[in-house]
Amino acid sequence: MADMSLKKYPIPEQDPNQRNKNFAEVSLGYTEELARKESARCLQCKNKPCVAGCPVQVDIPGFIAKIGQGDFEAAYDVLKSTNTLPAVCGRVCPQETQCEERCVRAIKGQSVGIGRLERFAADRHMEKVCEAPLRPSPNGKKVAVVGSGPAGLTCAGDLAAMGYAVTVYEAFHVAGGVLMYGIPEFRLPKAIVQKEIDDLRKLGVEILTNRVVGRAETIDELLDEEGYSAVFVGTGAGLPSFMNVPGENLNSVYTANEFLTRINLMKAYKWPECDTPVRIGKRVAVVGGGNVAMDAARSAKRLGAEEVSIVYRRSEEEMPARLEEVHHAKEEGIRLVTLTNPTAILDDGKGWVRGMTVVDMELGEVDAKGRRSTHAIPGSEHDLAFETVVIAIGQSPNPLIRQTTPGLSTQRWGGIIVDESTGATSKPRVYAGGDAVTGAATVILAMGAGKIAAKSIDELVRSSEA
Amino acid sequence: MYRIVQKKTLNPQVKLMTVEAPAIAKKARPGQFIILRVHDEGERIPLTIAGFDRAAGTITIVFQEVGRTTRALGQLEEGDSILDFVGPLGIPSHTEGIRKACVIGGGLGTAIAWPQAKALHDLGAEVHMICGFRNKDLVILEDEVRAASDRTIITTDDGSNGVKGFVTDQLKALLAEGNEYDVVIAIGPLVMMKFVSQMTKPLGIRTIVSLNPVMIDGTGMCGGCRVTVGGKTKFACVDGPDFDGHEVDFDEAIRRSSMYRDEEKQSDEMHQCRMGGLSNG
Ligand SMILES: Cc1cc2nc3c(=O)[nH]c(=O)nc-3n(C[C@H](O)[C@H](O)[C@H](O)COP(=O)(O)OP(=O)(O)OC[C@H]3O[C@@H](n4cnc5c(N)ncnc54)[C@H](O)[C@@H]3O)c2cc1C
Ligand SMILES: Cc1cc2nc3c(=O)[nH]c(=O)nc-3n(C[C@H](O)[C@H](O)[C@H](O)COP(=O)(O)OP(=O)(O)OC[C@H]3O[C@@H](n4cnc5c(N)ncnc54)[C@H](O)[C@@H]3O)c2cc1C
Ligand code: SF4
Ligand code: SF4
Ligand code: FES
């Protein structure tokens, strides 16, 4: 008999006033007991509406049923059969607009806590099981993957499981992409990402760090000189956007990329034990309304800022960030300054920030894309005081690959053009997926694209053998 | 890991290292740089590729010990390894169509300017080189510089080696002699590059400077290395490091380069005192 309580069983969390001073994970995860209770809220619907909301079609009732039966390892196997990184997705998927949005329990009350249960099963597996994954027998073919974010890692994992010798080229000194240098420790512990990467290595995937494709080897060289049958490009969307307002180059104006990289990857929160510093100041403004903005704001708070404000041009409802992140940010004392847009960053006279001039905004008609337009209210300019400004208004693909790969067609804004059903680009034997194709999107979409490309690459190699 | 195959002390603060990095050596060109990290808690710092040997698969770097990372690097010996070493980054210097060039190195900038002079010289251009140092003890790469240029002028602020005075005075003198340069390349402290550019601008002599702002990734991802050139924001790591000296906003670059001065000082002091503690204990 299903548990008909209207609300999800709450997930234990660190107290907001405690956690906004440390970098340990906010959410502590379900216990076995809570997971089994929550799993009983699933109605095991025959038509599985939730699955249609998941970009990689996880068999949701299937894995939840196994949790209910206490067979956690079987639940993990169900997850893993379509999702390469369940411990990551359970934590960072925007469930409320994907699987959980379609859950029938959400019609009256709250949806089943699908993400939380996914995370539980994955964490449980990591804790209890340490056997190495089986290495498949090699098929004698080589594939190169450029970029080690979720798109690249998924593509590499799937191909390795089919017997390919896969080599991943990564520009940074660590693998993992945004999972390592963007999303902070308190939301996605790096040890979890590292474990997934270690498993891939055990599966036989070779990961070469410190290799910037396009500067060192080019894609053409990988294909023609290094003997790879195909190349998958999963280089993400790392190029930061600016507001193009006066004062953006003042000292203590950061892009979110720089701010988060200093903190996450270079461990600036441990400075001076670690060598890389970051400047925080008393009052921090983060401009933007997505996950990136939330992460930057919550990191600033943890590093000791007294007052952190998120400055966003639309209203809270329109914020693209995950609901849970906005909720957590507010709990931690982050101020939301909505319907406000900066028009200038102000100089303290010595080259540092003293504040921003902002203008009030109002929402207008809904446009063709379903977003409400915004207008500045004339005469509403006023100044706000800040010592640090972090710009988190979006990213686009880095131009390096398109500049160094003749024959690769891209959109005007830089995204690589692919056939969505196969991941094939305009260049033979070159496939692409993830943020490099879509622009800044989500972990699960990047993984989905990596999977599709792995399948197509396998088909290509087989057909060229026949 | 990237093995150090050669280490040379050029002056008390400046060292040269040759490092095994075949993938970088294969593609490196003058004007490009690498980013390295010495140990796991370390910062990523950029250093110019001072030389490369494609056959041996090695890269040469020359660095001055100014802070925590460069000092830690200086303590490594031949046979030791550097943890991370990535490149070649940045856009190679443009050498096409240059028949006569004046290359100016200020202090350590000499190490960065020398490979550019050498590249031009090897292509058959006439190269005049002016290298300025504070005093004779700081002079580096003198033999290398002489071999790479048709005319070499060494200056020191105090006259303890070569001519006394600043590099700009020497440039003025060379121009007064009637030398017509296709390009002036100035590499060194920001103030020096600013003065050289100010001098050549009214004369309409093309002037290239090499900027070295703080960098993290070196691939265009963080924007920390941004500089204003011709009124537009550029990323030194991917759009540079070489830029048109007449277009660079030097005052902004000088201001941004001091952003972490307090932290750098504190970090370095702490580190030195820790090391002192170690050797005493
Ligand atoms: C701060 C932040 C928070 C986020 N929060 C969420 C969230 O909560 N939920 C969610 O679903 N999504 C979130 N996202 C978005 C999500 O992280 C991305 O959509 C996803 O990581 C894209 O994966 P990818 O594999 O396409 O690219 P990336 O993860 O960007 O990885 C690309 C990799 O390629 C490497 N690379 C680039 N160029 C080269 C080259 N020339 N040679 C070699 N390597 C190269 C890069 O160094 C990088 O490691 C967030 C993003 C950020 C920045
Ligand atoms: C493209 C590029 C090429 C470079 N090539 C060389 C080279 O060939 N040889 C070399 O010795 N150095 C070079 N530099 C400078 C070198 O990166 C810095 O000296 C180094 O980052 C200092 O690190 P640190 O931890 O030892 O010192 P820190 O503790 O970080 O700094 C100590 C002192 O050095 C100054 N400093 C810090 N960063 C820089 C910087 N990027 N440029 C100038 N001064 C700085 C600080 O203001 C401070 O006074 C280059 C920089 C760039 C961007
Ligand atoms: S992968 Fe993401 S969307 Fe799919 S079921 Fe898991 S949490 Fe939901
Ligand atoms: S829609 Fe909700 S209740 Fe139905 S199977 Fe999916 S998770 Fe269970
Ligand atoms: S160093 Fe990060 S963009 Fe240049």
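Throughout, read-outs are computed from the coordinates displayed, never taken from laboratory work. Remember, predicted model here, so these are calculated numbers, not experimental data. Note that we place each Cβ from the backbone using ideal geometry, even for glycine, and neighbour counts take in every protein chain shown.
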18 Å Cα-Cα threshold exceeded, pairs from B:LYS172/B:LYS201; A:LYS141/A:LYS195; A:LYS267/B:LYS234; B:LYS136/B:LYS164; B:LYS8/B:LYS118: A:LYS141/A:LYS195; A:LYS267/B:LYS234; B:LYS8/B:LYS118
Indicate the gyration tensor shape class of chain A (rounded, prolate or oblate), computed on the Cα atoms with a ≥ b ≥ c the square roots of the eigenvalues: a/c under 1.5 is rounded; otherwise a/b larger than b/c is prolate and the rest oblate. oblate
Can you sort B:ASP249, B:ASP40 by how many other beta carbons sit within 10 Å, fewest first? B:ASP40, B:ASP249
Cα to Cα, under 23 Å, and not fewer than 8 places away if on the same chain: which lysines meet these conditions relative to A:LYS108? A:LYS7, A:LYS8, A:LYS37, A:LYS46, A:LYS48
For peptide A:256-269, compute the average count of partner chain beta-carbon atoms within 10 Å of each residue's beta-carbon. 3
Can you pull out the trypsin sites (Lys or Arg not before Pro) in segment B:58-130 that DSSP calls coil and that have at most 15 other Cβ atoms within 10 Å? B:ARG99
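Which value, in debye to the nearest 20, gives the size of the charge dipole of segment A:16-128 about its Cα centre, when Lys and Arg are +1 and Asp and Glu are -1 at the Cβ? Don't skip to the end; give the middle numbers.
Working: 17 positive and 14 negative charges, 59 e Å.
Result for segment A:16-128 is approximately 280 debye, rounded to the nearest 20.
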Under a Cβ-only charge scheme (Lys and Arg +1, Asp and Glu -1), can you give me the dipole magnitude of the protein assembly as shown about the Cα centre, in debye to the nearest 20? 760
Yeah, segment A:178-227 with a ≥ b ≥ c from its alpha-carbon gyration tensor (a/c under 1.5 is rounded, else prolate when a/b outruns b/c, oblate otherwise) is oblate
Which of B:SER258, A:GLN95, B:THR18 sits closest to the plus end of the dipole of the protein assembly as shown, meaning its Cα is farthest towards the positive end, when Lys and Arg get +1 and Asp and Glu get -1 on the C-beta? A:GLN95
Value at 222 nm in deg cm²/dmol, rounded to 500, when DSSP H runs of n ≥ 4 in chain A each add -39,500 (n - 2.57): -9000 deg cm²/dmol
Ranked from fewest to most other Cβ atoms within 10 Å of their own Cβ, A:LEU384, A:LEU346 fall in the order A:LEU384, A:LEU346
Distance from segment A:391-464 to segment B:1-35 (C-alpha centre basis), Å: 35
At most 16 other Cβ within 10 Å, DSSP loop - trypsin sites (Lys or Arg not before Pro), segment A:406-466: A:ARG412
Quick one: grab the alpha carbon gyration tensor of segment A:365-412, order the square roots of its eigenvalues as a ≥ b ≥ c, and give me rounded if a/c is under 1.5, else prolate or oblate depending on whether a/b is larger than b/c. oblate
How would A:CYS89, A:CYS54, B:CYS131 line up from fewest to most surrounding beta-carbon atoms within 10 angstrom? A:CYS54, A:CYS89, B:CYS131
Excluding residues fewer than 8 places away in the same chain, name every one of the lysines whose C-alpha is closer than 16 Å to that of A:LYS282. A:LYS21, A:LYS301
Shielding by partners for B:85-92, please: the mean number of other protein chain Cβ atoms within 10 Å of each residue's Cβ. 3
Ellipticity estimate at 222 nm from DSSP helix runs (n ≥ 4, -39,500 (n - 2.57)) divided over chain B, nearest 500: -9000 deg cm²/dmol
Percent RCO, i.e. relative contact order, over segment A:1-71, from Cα pairs under 8 Å lying at least 6 residues apart: 33
